[in-house]
Structures are given as C-alpha cells and as structure tokens.
Amino acid sequence: MIPNQYLKPSNLNKFKSKLIFENINKSICHSLFLIIPLILFSCKEKQEKVKSTEKRPNIVFVITDDQGYGDLGHTGNTIIKTPAIDKFSTESVNLTNYHVGTTCAPTRAGLLTGRNCNRNGVWHTIMGASMLNREETTIANVLQDNSYKTGMFGKWHLGDNSPFHPHERGFDEAFYHGGGGVGQTPDYWNNDYFDDSYFRNGTPEKKEGYCTDVWFDEALSFIEDKKDAPFFCYLSLNAPHGPYNLPKEYYDLYKDETRIEETQKRFYGMITNIDDNFSKLLKKLETLGIAENTIVVFTTDNGTARGYKVNDKTNQVFGYNAGMRGTKGSEYDGGHRVPFIIRWPDGGLTGGKSLNDLTAHVDILPTFVSLTQQKFVPEKTMDGTDISDYLLGESEAPDRYLVTDTQRIPWPEKGKNSCVMDDNWRLIKGKELYNITEDPGQTTNLADKFPEKVAEMNAFYETWWEDVIKETKFSVIDLGVNDIDVITCHDARTVDYYPPWNQQMIRKGKPMEPAPFTVNFVKAGKYRFHLRRWPSESGLALSAALKDGKPETLYKAPIVNGKSMKFAKAHLKIADNNVEIDVDNNAEAAVLEMEVPHGETELLAYFDMEDGTSCNAFYIDVEKMN
C-alpha cells in the first residue's frame, strides 16, 4: 500500500481505493494525505503472489559502511576485486535506482523503521542525534513479535545506552562495537579492528581476529543455530569505514595498483575482505540446505567515502564513481544512490535482472513484512512503502516522491542539503533540477527550463517538511537502569562544534567545551557520578599520559600518544542542583554524589583545568546507590 504522503496530487485518484480510511472523499484527499498514520500490510495479498513454501523465509541482510555504488566490479569498477558479490548479482534482483541517507546512522535508522531519519531522532552521527527514539518500531521488533529469531552483528550506531541498545530494539542476540565505528569514543578502549573487545548484549567480550571476520563468524554461528526456525540476521558491517585498517594480505592485493591512491588501496582491500566473507556466508547457507528459502540482501549505507577522488590540481581521477556527482554526505546521487541486491530462490527473486525505478531504504520494513507474510499496523507515519510486487515483477514501482538530505547539525533545518526525488528527476536544495536519465552526472541545471516541475516538487517538500518537523525530537538516555551506566561525550548535545567522537581525539586531549546530555532517571535516589578523562576499562589516572602511539603502516592507520591533562575542579549540574569538588589527578575519576529526582532532565558534567579552561568529562559513569 502506498503511503499517502508520497502520492503525487495528479495521481491521487488512482489510489483512492487503497486509502485506509475509506470514507475520505475525493475532494479532501489532498489536504489529508499527510496525516493518515496507519498502513496495513496484509499477508493474505502476498500468499498468492509468492511461491508457496513450507515455512516463512529466513532473512540475511548484509549492509556495509561507506561503500558506494561504484565500489563493486559488476557496477563498472575495473580495479576492485569483488567476485562473490558480482556473481551474486547475476543470481538476484538488482535495484539500480535505490537510495538511502547520505551518512551511516540516518540510513540505518530509516532502514530499520521505514521512517525518515528526521522523524526518528537520527539526523546526525554524533551530538545526541544518533540515538533512535524509544517509541520507534524496528523491523526486528516486528519479526520478533511474529516468532522470528533475531540477531545483529557489527555496527549498531543507534545508541549506546538504554533504551537504545540493539538487544532492547528487537534483537534476541547482538554482538557489536560501540559508537559509529571501531575505535570511536563509546567503543571499548583501544579497539583497532584486530583482537578487540566487543559487546554481547551489552557485556564486553574479547575476540581474536579481524573485525569483519569476527562479525561474519558470529553471524554464521547464529544462522547454524537457528536454521530450523525462521530467523532474521542483520549483518551490519563497520568496514570499509575508517580508520582503514586491514590484514596485510588484502592490502597486498592492491599494493602495485597505480589507478588508486594509498588510502584507497586499504579501502579496496577492506571491501575484498568483505567479499571473501560474503562468499563464505553464501556457501554456509548452501551447506545447511536453507539457501533456497532465505532472502539474502547485499547493500550499503551511503555513497563512497574513499573509492573515488579527483586531484584538484591535476584533475587526475583515482577510483570509480559510476559517473555520478558527489560522494558520502552529498545531496547529489553519488552521496545516496547505492547498490541493493536481493536473492530469494523460493520466492522468485533470481535471474540477475535489474529494476530501474525509484526505491529507497525506507521501503525495506514494509516490503519484508509483506514477503514474509506478517501483519504490521504502524502507529506512526511511514515514509516507505511495500515494493514486493515490483520486486516480483507483478506491478510497476509506486509513483511518488522521496526525500533525502544531509543535516549533521544540532537540529534539522528546512531545506538543508535536500534532495527531492521523482523517479529520474532530482531537485537539489529547492533550486537545482536534474534529469539523471539524460544527465547522470548532474551537470546541467534544468530549473529555468522546467519551472512548473520545480514548483511541483518544492510544493511537495514544503508539505512533507511541515509534517516531518512535528515529529522531530531528541532521544533521551535512561539512567539508573543498571548498577552503573556509562555515557560518553560522543552523545553530548553540542551546538556549534563536534565533541571528541573517536578515541584518537580523546588521546589528543584537546579540551571540550561543556555540553549537556538529555537524560531520564528511571528511579529517584542517591547517585554517584564518576567524571573521567579516560574510560574505566583503561585503568588510567585522570592526568595520565600515554606513550603507546604507533606510526602509520601500509595497512594500518596511526595511533597517537595520549596527552596529559591536569584538572583542578569537577562540576556536576543536574537541573538546578550543582555540586563541585577539588580533583585528585592521581585518581581515575572525580567522584561526586547527588540526590536526583525521578524523570527527564539535563545533566552537565565538566572539569576546570589547572589553567582555567573548562572541559567536558569525556566519560561519565553513573552509579545507582539505592
């Protein structure tokens, strides 16, 4: 069923019979189409369309990080080595006009909920805007409620505190790193892709091996264990996101390649490692005898980060971008058009065909609900729609508008880096109009030639934004859930600056201007707050310096030494209550206590350094005392 907010006014009558509220008459459809929140996806409609199976299909969903449309062999890249994914493409259905957010967390939030990131609390990757609002329903919730076994492995990046953990959002089993990448501030200290400690349903666990290999191994174990029951395996990778660390043998595959730069050699090597692991995954499904009735997806979360570069001085091109304009973070197609490959032999999704009509990540939840014959009644406005008939070749793609944008600021702004999409039309920032069929590189602005099209698309965006911004809100961290809850500066609500979002920035010791956290104390009582410069697992004193830095190698990024910081006072402010103490720099933390009422509030925790500079606490352990 088509979400009414995306029906073009000219085509609304064609879909009148599909409106949920049948008593809405033709004359008021256009004014009400944005406020209809309920869409019913019925399994009955699909039971006759999907090939009959003895049981509901399994789902294995593989999504990589920062890999663009052009970072695969079968999309035209003659440098990269991805034989397994390229062959998989010939056995599957390929969506070639499929779009996501322009960065990772917004894409993953939209994918899991079917709702635009500006609605669900994830319009950024840091700054308190990468935590999925607690009221959101994920595809894992839906499948779990319908007796699927659910597991996620790798990158979560939708919140590192309650109630945002993956095992609190519909996944029975979760094994993941912290933050948006291995080695980011919320991740376990000193993780560097090799022999790291990751979190199993919130508890740290040491693993040997390279991170991508670990995620696939964990996923394969989950699949083997759940093979006799329908399962959903969300294999959400951090590679090939930086830092660009990889096993030496994968760098060596590209070390003599002159068509890419040194960093790109590591980036490409990380993708080839993914390809080798993807091959093992497909073979495992065959060995277990479940490949025919398993939906397997390979896709990525935004445009390429390092696969394509043009030298500003010489105009020399390094890598490949499939002729598109823009890369990661861009509102042009190179920032958000990515590969989407889906195979399901028992369901008829095979053959290597390409489907070229407009589709998006927000379509995945309603489509999978339909393909797996579930029932789901959304409680909120959906931005995606069921495209299962289109995948199965039984209908055309929905005729609608879609929006993606790049916010990456404290609060979403209307029109900021926006792209309104209408099949092959793109309206950029409300002013630039391109037809990607004739102009895939988006070089010729047609806005003056087609002013009526610009006006039509802008009118849609105006109405869409008005609806979206009503839902926009910050997510709130729960405290008092565990004996000790840890919050990090990664999620502080900064305004005009980025917090230290990775551990290399923590090591550099640059003071961070104090910024609040939005929190909810689930229980009133006395709490103890441990304000830290280094995380508790490091065992380091507040003023400690580190001399364990490592230089960059051909296949690993550098690690900087840790600079000493000296503190004089520690401050804690919660609502109107303030506490301060003198700091012992030889201690691991400055410890303050406070009676805290139940409910939502703001928390501010910072130091005065010995030179008078204020600096936010990088890590705060919140201990419930009674």
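The values are calculated or read from the model by the stated rules, or taken from the named source; none is laboratory data. Bear in mind that the values here come from a model prediction, so they are computed numbers and not experimental data. Neighbour counts run over all protein chains shown; Cβ positions are idealised from the backbone, glycine included.
For the reader, a short list of remarks on this structure follows.
- Within segment 390-425, the set of residues being outside any loop (DSSP other than H, G, I, E, B) and under 30 Å from MET131 (Cβ atoms) comprises ARG400, LEU402, VAL403, THR404, ASP405, SER418, CYS419, VAL420, MET421.
- Single residue of segment 206-225 satisfying the filter (of a type in the set (Phe, Trp, Tyr) and in a helix (DSSP H, G or I)) that is surrounded by the most Cβ atoms within 10 Å (Cβ to Cβ): TRP215
- Criterion: of a type in the set (Lys, Arg), out of contact with any helix residue (DSSP H, G or I) (no Cβ under 8 Å at 6 or more places or on another chain) and surrounded by 24 or more Cβ atoms within 10 Å (Cβ to Cβ) - qualifying residue of ARG134, ARG108: ARG108
- Residue match in segment 612-622 (condition: of a type in the set (A, V, I, L, M, F, W, C) and either surrounded by fewer than 17 Cβ atoms within 10 Å (Cβ to Cβ) or farther than 30 Å from VAL476 by Cβ (or both)): no
- Residues that are over 13 Å from the mean Cα position of the chain (by Cα) and closer than 17 Å to ILE477 by Cβ occur in segment 136-152; there is at least one.
- Top-ranked residue in segment 534-558 [being acidic (Asp, Glu) and without any contact (Cβ under 8 Å) to a residue 60 or more places away in the chain; ranked as nearest to LEU604 (Cα to Cα)]: ASP548
- Output for segment 244-260, where each listed residue is surrounded by 19 or more Cβ atoms within 10 Å (Cβ to Cβ) and under 18 Å from ILE85 (Cα atoms): TYR250
- When the strands (runs of 3 or more DSSP E) confined to segment 251-322 are screened for residues that are out of contact with any helix residue (DSSP H, G or I) (no Cβ under 7 Å at 6 or more places or on another chain) and either closer than 26 Å to LYS55 by Cβ or not assigned by TED's automatic domain parsing to the domain that holds PHE222 (or both), those reaching at least 1 such residues are found at 294-300.
- Flag not set for MET382, criterion: in contact with a His (Cβ under 9 Å, 6 or more places away or on another chain) and in contact (Cβ under 8 Å) with a residue 24 or more places away in the chain.
- From the list ILE409, ILE428, ILE469, ILE436, the one residue that fits, being over 22 Å from CYS117 (Cα atoms), surrounded by fewer than 22 Cβ atoms within 10 Å (Cβ to Cβ) and either aliphatic (A, V, I, L, M) or in contact with a Leu (Cβ under 6 Å, 6 or more places away or on another chain) (or both), is ILE436.
- Residues of segment 150-202 satisfying the condition of being surrounded by fewer than 24 Cβ atoms within 10 Å (Cβ to Cβ), among the polar types (S, T, N, Q) and assigned to a strand (DSSP E or B): SER197
- Evaluation of VAL369 against the conditions (1) in a loop (DSSP other than H, G, I, E, B); (2) more than 29 Å from GLU331 (Cβ to Cβ); (3) among the hydrophobic types (A, V, I, L, M, F, W, C) shows that the sole unmet condition is (1).
- Of ASN94, ASN120, all but one fail to be touching a strand residue (DSSP E or B) at 6+ places or on another chain (Cβ under 7 Å) and either without any contact (Cβ under 8 Å) to a residue 12 or more places away in the chain or within 29 Å of ARG426 (Cα to Cα) (or both); the exception is ASN94.
- Being farther than 28 Å from ARG56 by Cα and over 23 Å from the mean Cα position of the chain (by Cα) is not true of PRO230.
- Sole exception among (1) in a helix (DSSP H, G or I); (2) in contact (Cβ under 8 Å) with a residue 40 or more places away in the chain; (3) not polar (S, T, N, Q) for ALA455, by number: (2)
Yes or no, residue by residue, for (1) assigned by TED's automatic domain parsing to the domain that holds ASP252; (2) farther than 21 Å from ARG528 by Cβ; (3) in contact with a helix residue (DSSP H, G or I) (Cβ under 7 Å, 6 or more places away or on another chain); (4) in contact (Cβ under 8 Å) with a residue 12 or more places away in the chain:
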residue	(1), (2), (3), (4)
VAL560	no, yes, yes, yes
LYS563	no, yes, yes, yes
PHE567	no, no, no, yes
ILE581	no, no, no, yes
HIS598	no, no, no, yes
THR601	no, no, no, yes
TYR606	no, no, no, yes
PHE618	no, no, yes, yes
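Yes/no matrix, rows are residues, columns are (1) touching a residue at least 24 places away in the same chain (Cβ under 8 Å); (2) over 28 Å from ILE80 (Cα atoms); (3) touching a Leu at 6+ places or on another chain (Cβ under 8 Å):
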site: GLY202; (1), (2), (3): yes, yes, no
site: LYS206; (1), (2), (3): no, yes, no
site: ALA219; (1), (2), (3): yes, no, yes
site: PHE231; (1), (2), (3): yes, yes, no
site: GLU262; (1), (2), (3): yes, no, yes
site: ASN277; (1), (2), (3): yes, no, no
site: GLU286; (1), (2), (3): no, no, no
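- Residue tally, condition assigned to a strand (DSSP E or B), within 19 Å of VAL486 (Cβ to Cβ) and hydrophobic (A, V, I, L, M, F, W, C), over segment 569-601: 8
- Qualifying residue in segment 570-584 (condition: surrounded by fewer than 18 Cβ atoms within 10 Å (Cβ to Cβ) and in contact with a His (Cβ under 6 Å, 6 or more places away or on another chain)): yes
- Failed criterion for LEU604 (all others in (1) surrounded by 15 or more Cβ atoms within 10 Å (Cβ to Cβ); (2) in a loop (DSSP other than H, G, I, E, B); (3) not acidic (Asp, Glu) hold): (2)
- Test: residue in segment 514-533 that is touching a residue at least 60 places away in the same chain (Cβ under 8 Å) and polar (S, T, N, Q): yes
- Single residue of segment 524-554 satisfying the filter (touching a helix residue (DSSP H, G or I) at 6+ places or on another chain (Cβ under 9 Å) and under 17 Å from ASN191 (Cβ atoms)) that is surrounded by the fewest Cβ atoms within 10 Å (Cβ to Cβ): GLY549
- Any hit, segment 334-346, residues being in a loop (DSSP other than H, G, I, E, B) and of a type in the set (Gly, Ala, Ser): no
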